[in-house]
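Accompanying notes for the structure given below.
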Amino acid sequence: MINYRARRYRCPRCHKTFMESNPFTVAGSRISLATVYNILEDLRKPNMTFRDVAERYHVSQTTAAHVFDSFVSISRRPLPEYLLIDEVYAFKSVNSKYVCVLVDFKTQNIVDVLPSRRKQTLMDYFFSIPLEERKNVKIVSFDMWETYRIVSKIMFPNAICATDHFHVKQEFGRKIDRVRIDVMNK
């Protein structure tokens, strides 16, 4: 445990004060660089969870996850032949209520997670992928979100756009209920 107190200096000319820089932490952080390094080292082990690391270094699980997210960049997997696009409610996302999840249909592995399901976010992301790789996608399946259909038609020129059967059945059920309610109300 290091008890560090930063010294305050005063300018002899203007009399403004300033603090010396802290050699142990990054500005705005309450944990040391050594702790950040140790958290990242422990998270390299496949059997370590955020909870385990947080308990070991006396930080919260959120802090351990934040350190991981701040310093680790996980590259995306290559686009599969059969791509699924869907959204998940993101209770902590700054950009949107939903994050967009790209999944390989064959392996059920996540290809990537995007911070938003907005059209511009999706277009920017897919434009960053070479056209040759996007041309290898044969089928893109998604729910009935209009943005997914528009983006898929533009970004995947050789792919067939498909709506998954669950959402088709769900929409069909809604339409039948609407007709039934309208008939009952007459």
Open item on the list: I'm spelling it out carefully: the read-out is mean projected area of the Cα convex hull in nm², the candidates are (i) 19.7; (ii) 25.8; (iii) 11.4, and one was derived from this structure. Which label?
Closed with: (i)
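Using a cut-off of 14 Å between beta-carbons, work out the net charge of the residues near residue 4 (Lys and Arg +1, Asp and Glu -1, residue 4 not included).
On the way: positive: 5, 7, 8, 30; negative: 20.
Overall, the nearby charge balance is +3.
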Task: Taking the stretch 43-186 and dividing mean pair separation by its residue count, relative contact order in percent (alpha carbons under 8 Å, at least six apart) - done: 16
- [ ] Positive end of the charge dipole of the stretch 61-186 (Lys, Arg +1 and Asp, Glu -1 on Cβ, about the Cα centre): tell me which of 176, 116, 72 has its Cα farthest that way.
- [x] 176
TODO: Provide the solvent-accessible area of residue 36, counting protein heavy atoms only and rolling a 1.4 Å probe, rounded to the nearest 10 Å².
DONE: 20
- [ ] Taking H placed 1.01 Å from N in the peptide plane, check which residues at least 5 places from residue 87 or on another chain put their amide H under 5 Å from its amide H.
- [x] 101
Open item on the list: When a/c reaches 1.5 or more, the comparison of a/b and b/c decides; with that in mind, is the stretch 8-71 rounded, prolate or oblate per its Cα gyration tensor?
Closed with: prolate
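I'd like to check one number: the per residue accessible area of the chain, probe 1.4 Å, reported in Å² as a whole number. Walk me through the intermediate numbers first.
Values: 13880 Å² over 186 residues.
That works out to 75 Å² for each residue.
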Open item on the list: Could you work out what % of the accessible surface of the stretch 4-69 is carbon and sulfur, using a 1.4 angstrom probe and leaving DNA, RNA and ligands out of the count?
Closed with: 52
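If you restrict to DSSP beta bridges whose two residues both lie in the stretch 81-175, what percentage is antiparallel, to the nearest 5?
Details: 11 of 19 bridges.
That works out to approximately 60 percent antiparallel.
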- [ ] Can you check what the net charge comes to around residue 35, using other residues whose Cβ is under 12 Å from the Cβ of residue 35 (Lys, Arg +1; Asp, Glu -1)?
- [x] 0
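Percent relative contact order of the stretch 8-71, based on C-alpha pairs within less than 8 angstrom and at least six residues apart?
Result for the stretch 8-71 is 19 percent.
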- [ ] Treat every Asp and Glu Cβ in the stretch 73-186 as -1 and every Lys and Arg Cβ as +1, leave all other atoms uncharged, and give the resulting dipole magnitude about the Cα centre to the nearest 20 debye.
- [x] 320
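State the percentage of accessible surface on the stretch 82-169 attributable to carbon and sulfur atoms; use a 1.4 Å probe and exclude ligands, DNA and RNA.
Details: 3150 of 5310 Å².
Answer for the stretch 82-169 is 59 percent, counting heavy atoms of protein chains only.
Treating only the Cβ of Lys, Arg, Asp and Glu as charged (+1, +1, -1, -1), what charge dipole size does the stretch 1-132 show about its Cα centre? Round to the nearest 20 debye.
Details: 19 positive and 13 negative charges, 211 e Å.
The calculation lands at about 1020 debye.
The values are calculated or read from the model by the stated rules, or taken from the named source; none is laboratory data. Predicted model only: the values in this text are computed from it and were never measured. Don't worry about glycine lacking a Cβ; one is built from the backbone with ideal geometry, like all the others, and counts go over all protein chains shown. Quick note on the areas: whole protein, heavy atoms, side chains included, nothing else; ligands and nucleic acids left out. Shrake-Rupley method; radii C 1.70, N 1.55, O 1.52, S 1.80 Å.
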